[in-house]
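See below for the structure under consideration.
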Amino acid sequence: MDNTEEQIVSPEEMRANIEIIKGHLPIFKNNFTKFAKQKNGDITSGEIDKIINESLKQGNLSEKGLRIVNSFYETWMAVFMMVGNDKEALEIVFRMLGL
């Protein structure tokens, strides 16, 4: 089921989208952990953006999957810019998705 031409998302499609996001998060977490160990300190939003882009390249996502996961990361970064804490921002975005 693909409602790309409509402005609605069925509950089934939303669950599938969340599964795509959840399936991609381990790739990001692995890349983030490697970078954080090398950095040994604070990580800037620009560096997080680089980690996100590298993770998206590694994800082997379809065009739709890439759009979904990228939107998730964009939402996270927007919240991060408001709250100034990446962990808190991630928790807020997870709560928004009901995770």
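Readers should treat all values here as calculations from the given coordinates under stated rules, not as data from a laboratory. Remember, it's a predicted structure, so these values are computed and weren't measured experimentally. Quick reminder, even Gly has a Cβ in these numbers, built from the backbone with ideal geometry, and neighbours come from all protein chains shown.
Per-structure values
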quantity: With Cα atoms, 0 to 90° folded angle of helix 63-83 axis to the chain main axis; calculated: 50
quantity: Once the Cα gyration tensor of the chain is diagonalised, semi-axes √(5λ) in Å; calculated: 25, 16, 11
quantity: Distance (nanometres) between label positions extended 7 Å along Cα→Cβ at residue 35 and residue 58; calculated: 1.1
quantity: C-alpha long axis of helix 11-39 to longest principal axis of the chain, angle in °; calculated: 10
quantity: Between 0 and 90°, nearest 10: helix 45-58 axis offset from the chain longest Cα axis; calculated: 50
quantity: Under 13 Å, Cβ to Cβ, from residue 98 - net charge with Lys/Arg +1 and Asp/Glu -1; calculated: +1
quantity: Partner lysines for residue 37 [C-alpha distance under 26 Å; skip if fewer than 8 residues away on the same chain]; calculated: 22, 29, 50, 57, 87
